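Just so you know, all these numbers are worked out from the coordinates, no wet-lab data involved. Computed from a prediction, not measured in an experiment: that's the story for all the values here. Heads up, the Cβs are rebuilt from the backbone with ideal geometry, glycines too, and the neighbour counts pull from every protein chain shown.
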Amino acid sequence: MEILHDYSLDEIKNLIEELGEKPFRAGQIFRGIHAGKKISDISDISKELRAKLLQRFCDCPVEIIGSKTSKIDGTVKFLFKLWDNNVIEGVLMKYKYGNTQCVSTQVGCRMGCAFCASGIGGLVRNLTAGEILGQITAVNAYLGGNVEKRQVTNVVLMGSGEPLDNYENVVKFIRNLSLKGGLNVSPRNVSLSTCGLVAQMKKLADENLDVNLTVSLHNPFDEKRKNLMPIAKKYSVQEILDACNHYFNKTKRRYIFEYSLVKGENDTKECAEELIRLLKGKPCHVNLIRLNEVKEKDLKATSDKDAYRFLGLLERGGLSATVRRQIGVDIDGACGQLRRNYLETGSLGDKNS
Ligand code: SAH
């Protein structure tokens, strides 16, 4: 089965021509898909055309099968079923300026970071561009939105998966998401987070996409970074910094480093000093996250007090940094926690049901 959400507007135009239909039908189909409708529910095209499309395309590639709302901050965690019965999770965060959706780019992940639950069990498969988009069209419709009135205004690629390990599909997704006539979310409102796949970071810089780049650093020392992130065996911190520099030169967009504080691992004075040495004067921001402890992993979070102490060291050293507000912790929707409940129980868990 093919996925119609994978198609750009131009590709749907070609398809419509092949099927011998009037060109304006393409816009109706594209708008219907982006509004979160199943093919069988796009009522402004004929029953015959819907039937033709359904011979080739699945009716609904991504369906919401569960949701759970945080009592603390209103963050919503979603469970999605893909057309082939694989299951992924995603999160919607509500901010004053709009709603940000965190989407998955792969079922599982093969990066094997020591602190992250998403990679337990390894990579199952890549998501297609349409399956990434389908998470957003589904949530937008669930919130009562459509293409004219969007309920999802910002997107972060920080769910399960390593976006740059699924490069072509992710870039296609960002382009399709921004098309007029569809959801029309600008790449400037999209943040892509990578564990530091240097070759793909450089390629991304040359795409002419104004997407925000976020890099998971977690340790400034190569040898120690390897303990947390196997990808550090392939690329050094210096190579990552060079790729970030290239990204900035091409896009003029400030980049962000994610730094999850793990007690005794990366929250020391030496780490702060090395970060300052490496990053001072660079057009970047450091986002400190307190580790979300994951049961299967034997790592402990830095205390709040020590997190703010670490922040103070960075700020006094001249870096722009913040400690990120923790969100969705009571629904296991925080960073690195996705997929965990489903793996355990086959559902979203019963923490606040
Ligand atoms: N593969 C991408 C996106 C992953 S998730 C990447 O590596 O950037 C987004 C962020 O959550 C990453 O910075 C990741 O390192 C971080 N993260 C993963 N597990 C975490 C945990 N248990 N606690 C805190 N942050 C975590």
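Enumerate the amide H contacts of PHE257 below 5 Å, restricted to partners 5 or more residues apart or on another chain; note that Pro and chain-start residues carry no placed amide H.
Amide H neighbours of PHE257, under 5 Å, 5+ apart: VAL215, HIS285, VAL286, ASN287.
Provide the packing ranking of 266-276, 144-154, i.e. peptides ordered by the mean count of other C-beta atoms within 10 Å per residue, highest first.
On the way: 266-276: 18.2, 144-154: 16.2.
Result, highest mean first: 266-276, 144-154.
Pull up the cross-link candidates among the lysines for LYS269, meaning alpha carbon to alpha carbon under 22 Å and not fewer than 8 places away within one chain.
Hits, sequence-local ones excluded: LYS224, LYS226, LYS280, LYS282, LYS300, LYS305.
For the chain, with only Lys/Arg (+1) and Asp/Glu (-1) charged at the beta-carbon, what is the dipole magnitude about the Cα centre, in debye rounded to 20? Before the final figure, lay out each step's value.
Details: 52 positive and 43 negative charges, 165 e Å.
Using Cβ point charges on Lys, Arg, Asp and Glu, the chain gives about 800 debye.
Can you give the convex hull volume of the alpha carbon atoms of region 1-108 per residue, in Å³?
Working: hull volume 14.0 nm³, N = 108.
Hull volume normalised by residue count: 130 Å³.
Cα centroid distance between region 1-58 and region 165-229, in Å?
29 Å
To the nearest 20 debye, what is the magnitude of the charge dipole of region 1-89 about its Cα centre, counting +1 on the Cβ of each Lys and Arg and -1 on the Cβ of each Asp and Glu?
Details: 14 positive and 15 negative charges, 77 e Å.
The calculated dipole for region 1-89 is roughly 380 debye.
Once you order the gyration tensor axes a ≥ b ≥ c over the Cα atoms, which shape class does region 61-345 get: rounded for a/c under 1.5, otherwise prolate or oblate by comparing a/b with b/c?
On the way: a/c = 1.57, a/b = 1.32, b/c = 1.19.
Here region 61-345 falls in the prolate category.
Give a residue-ordered list of calculated ³J(HN,Hα) values for region 286-291 (Karplus: 6.51 cos²θ - 1.76 cosθ + 1.60, θ = phi - 60°; whole Hz; x for Gly, Pro).
Along region 286-291, the couplings run 10, 9, 8, 10, 6, 3 Hz.
How large is ³J(HN,Hα), in whole Hz, for each residue of region 189-202 in order, when computed from phi with the Karplus curve 6.51 cos²θ - 1.76 cosθ + 1.60 and θ = phi - 60°, using x for Gly and Pro?
Computed from phi, the couplings for region 189-202 are 9, 10, 10, 9, 10, 10, 7, x, 7, 4, 4, 6, 4, 5 Hz.
Which is farthest toward the positive dipole end of region 178-285 among GLY181, TYR255, ASN266, measuring Cα position about the Cα centre, with Cβ charges +1 (Lys, Arg) and -1 (Asp, Glu)?
GLY181
Amide H to amide H under 5 Å from ARG324: which residues, 5+ apart in sequence or cross-chain, H placed 1.01 Å off N in plane?
For ARG324, the qualifying residues are LEU288, ILE289, ARG290.
Could you tell me whether region 73-117 comes out rounded, prolate or oblate from its Cα gyration tensor? Rule is a ≥ b ≥ c as square roots of the eigenvalues, rounded for a/c under 1.5, then prolate if a/b exceeds b/c, otherwise oblate. Working shown, then result.
Details: a/c = 2.68, a/b = 1.44, b/c = 1.86.
Note, shape of region 73-117 comes out oblate.
With a 10 Å radius around each residue's Cβ, average the other Cβ atoms per peptide and rank 135-143, 18-26, highest first. If you can, show how the numbers build up before the last one.
Details: 135-143: 22.6, 18-26: 12.7.
Most protected by this proxy first, the peptides run 135-143, 18-26.
Calculate the dipole size of region 216-333 relative to its Cα centre from +1 charges on Lys and Arg beta carbons and -1 charges on Asp and Glu beta carbons; express the result in debye to the nearest 20. Numbers along the way, then the final one.
On the way: 23 positive and 18 negative charges, 92 e Å.
In debye, rounded to 20, region 216-333 gives about 440.
Among all the aspartates and glutamates, which ones have a C-alpha under 18 Å from LYS96's C-alpha, if same-chain residues fewer than 8 places away are not counted?
Partners found: ASP73.
So what J values fall out for region 87-93 if you push phi through Karplus, 6.51 cos²θ - 1.76 cosθ + 1.60 with θ = phi - 60°, rounded to Hz, Gly and Pro as x?
3J(HN,Hα) across region 87-93, in whole Hz: 10, 10, 10, x, 9, 10, 10.
Under 13 Å between alpha carbons, and skipping anything fewer than 8 positions from LYS38 in its own chain: which aspartates and glutamates qualify?
The reachable aspartates and glutamates, counting only those whose Cα sits under 13 Å from LYS38, are ASP59, GLU63.
When DSSP beta bridges are limited to those with both residues in the chain, what percentage is antiparallel, rounded to the nearest 5? Kindly include the intermediate steps, with their values, before the conclusion.
On the way: 22 of 46 bridges.
Approximately 50 percent, going by the DSSP bridge assignments.
Using only Cα atoms and rounding to the nearest 10 degrees, what angle (0 to 90) does helix 47-56 make with the longest principal axis of the chain?
The helix 47-56 is inclined about 50 degrees to the chain.
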